[in-house]
1. Can you give me the relative contact order of the range 18-122 as a percent, contacts being Cα pairs under 8 Å and 6 or more apart?
2. Extending each Cα 7 Å along its Cβ direction at residue 108 and residue 5, get the distance between those two points in nm, one decimal.
3. Return the whole-Å distance between the Cα centroid of the range 101-126 and the Cα centroid of the range 236-313.
4. Pick out, in residue order, every one of the GluC sites (Glu not before Pro) in the range 204-282 that is DSSP loop and has at most 13 other C-beta atoms within 10 Å; say none if there are none.
5. Tell me the chymotrypsin sites (Phe, Trp or Tyr not before Pro) within the range 1-77 that lie in a loop according to DSSP and have at most 13 other beta-carbon atoms within 10 Å.
6. Any idea what % of Cα-Cα pairs in the range 1-130 are farther than 16 Å?
7. Keeping all protein chains in position, work out how much accessible area residue 200 exposes to a 1.4 Å probe, and write it in Å² to the nearest 10.
8. Ratio of Rg to Rh for the range 229-313, alpha carbon only, Kirkwood?
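The values are calculated or read from the model by the stated rules, or taken from the named source; none is laboratory data. Remember, predicted model here, so these are calculated numbers, not experimental data. Backbone-built Cβ (ideal geometry, glycine too); neighbour counts: all protein chains shown. For the accessible areas, the whole protein counts, side chains as well, though only heavy atoms, and no ligand, DNA or RNA atoms are used. Shrake-Rupley method; radii C 1.70, N 1.55, O 1.52, S 1.80 Å.
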Amino acid sequence: MDGIKVGELLLSLSLIFALTGLFGYLLSRFRIPGILAALFVGMILSHTPFFQYVHSTTLFKDTFEFLADLGVLFLLFYIGLQIELGEMKKSSSNIIWLTILNTTIPFLFGLIAMLLYGYGWAISLIIGMTRMPTAEAVIVPILDEFNMIKTKVGTYIIGAGVLDDIIEVILVGIVSIWIGAKIGQQGGISGLLVGIILFMLISWAFYKWLPRLTKIWRPESLSSLMVLSLVILFGFGGFGEYVELGMVVGAITAGVIMRPMFENEEKKGELLSSTAQTLSYGFFGISFFFWVGFNADIEKFWQEPLLAIILYLAGTLGKLIGVLIMVPMKKMRFKEAVIVGIGLDARLTTEIIVAQLLYSSAIINLKLFTALVAASSFTAMTVPLIFSLLIRYWGDEVKYET
């Protein structure tokens, strides 16, 4: 490995963290979560020569991507440690309703918009489905900074986000199968379903039996408990990726599995939970938010502005209207619904993957691909800020547990 390149990489990380710390301090004066500073730093540096340098240097690009992936793992592992399954079960029916409404409405909006724009049914159905997913990894850390993980709003966003990940898997599976059929490859969705079922069974077995097994073998030191936590985290993160559920589900599941052990270990559990939080928000989370902002290509918005706006509105209004329907259903208050609707609109994950797959296979043209990327990038940059401001002004009114 080139020592000079490693030195440049370390100096670049130092600059990024310095800028994030400075900008984070400025944001804190306005009660905006400091972790968003990394998002804005990434957006700013993406308009400098540093952007081209990173993407033309394999070491830099691979390192930042890996750190961003670790950021997702550690952030959502820590969030999983905060989840109480008993409390979430109390709201399970509402979470299911929320998931149905906040995916169906944007899907229909996207489908209708694409049909009216002149695209065929097949493309319109797929593009409609890209309006459905939520990137909860972007929103949940903000909830945590406002101490709202265990509130009704937090429970709904996390619960709907996890269920939404299953929809994302099916979406990617359908697109992969369709592309395979187009180029003559065989495929099926049965493998995805088997993977999901297997993941659920193994997760249940670990959640049920791991605390019992560790009563026989109790971690004697903090480092032993940390090693066990990393085994579970990386194991379920990797397994989630292997069965195509994604590391997001794997990381949250790992946190939920380890929560009983952390509670049983009391002081060691509290100390390790605090360590996980520090690592997540002080290092890995910054890397993740920086990479999101760094790759949010807003310039594409002006290349296809009308189509990008249509796609953006189809997703954003669809999510918001879908959640607001729960207000007359007496399942949510108005301000809660607005906050949840905005939070579930976070993007820049699955829909970009789908767009890239379709474009690489020549199923969609450059115009539609550019608009999809632009709409997602605009959402990724605006939703965290709007979400933070809403919680800042309405947080005290909605900060109660389910």
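1. Values: 26 pairs, mean separation 11.3, N = 105.
That works out to 11 percent.
2. Result: 5.2 nm between the two label points.
3. Centre-to-centre distance over Cα atoms comes out at 28 Å.
4. On the way: sites: 220, 241, 244, 263, 265, 266, 270; in loops: 220, 244, 265, 266.
When the GluC sites (Glu not before Pro) of the range 204-282 are filtered for loop state and at most 13 Cβ neighbours within 10 Å, 220, 266 remain.
5. Numbers: sites: 17, 23, 25, 30, 40, 50, 51, 53, 60, 64, 66, 74, 77; in loops: 30.
Here the chymotrypsin sites (Phe, Trp or Tyr not before Pro) that fit, given the DSSP loop and packing criteria, are 30.
6. Numbers: 6521 of 8385 pairs.
The answer is 78 percent, as a whole percent.
7. 120 Å²
8. Working: Rg = 18.4 Å, Rh = 15.6 Å.
Rg/Rh: 1.18.
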